[in-house]
């Protein structure tokens, strides 16, 4: 292992000492320094169910759809936008 202080390394590589300590802790815990992939939250609205609902209720307002799915109308708006639906 290379000798030297963490402070020296932080100055040489222009990173904080906390970053180095975090890397050392990760190496000790996992044995590697690979990026740890974190999980993602599940979507609030099931897109397939939303698509089916819109097929059955093509004239539904955002407020009606939001009430059906138990979420805010902004959530429905963003889901529809991501699915490619427009006015």
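Just so it is clear, none of the values below were taken in a lab; they were calculated from the coordinates. In this text, all values refer to a predicted model and were calculated from it rather than measured experimentally. Glycine also receives a Cβ, built like all others from the backbone with ideal geometry; neighbour counts cover every protein chain displayed.
Note on residue 73 and residue 12: their simple-model spin labels are 6.0 nm apart, each label 7 Å out from Cα toward Cβ.
I need 80, 24, 54 ordered by Cβ neighbour count within 10 Å, fewest first.
24, 54, 80
Here the relative contact order of the range 30-87, from alpha carbon pairs under 8 Å that lie six or more residues apart, stands at 30 percent.
The ranking of 15, 65 from fewest to most other beta carbons within 10 Å of each one's beta carbon is 15, 65.
Of the candidates 11, 72, 35, which one comes out as most mobile in a Gaussian network treatment of the chain with C-alpha springs shorter than 10 Å? Comparing 11, 72, 35 in the GNM, the peak value goes to 11.
Quick one: in the chain, what % of C-alpha pairs are over 17 Å apart?
Considering the chain, 64 percent of its Cα-Cα pairs are separated by more than 17 Å.
At 0.36 nm per residue, and after removing the present C-alpha to C-alpha distance, how many nm does the segment from residue 62 to residue 49 gain when stretched out fully? List each step's numbers first, then the result.
Numbers: separation 13, 0.36 × 13 = 4.68 nm, distance 1.49 nm.
Gain in length upon complete extension: 3.2 nm.
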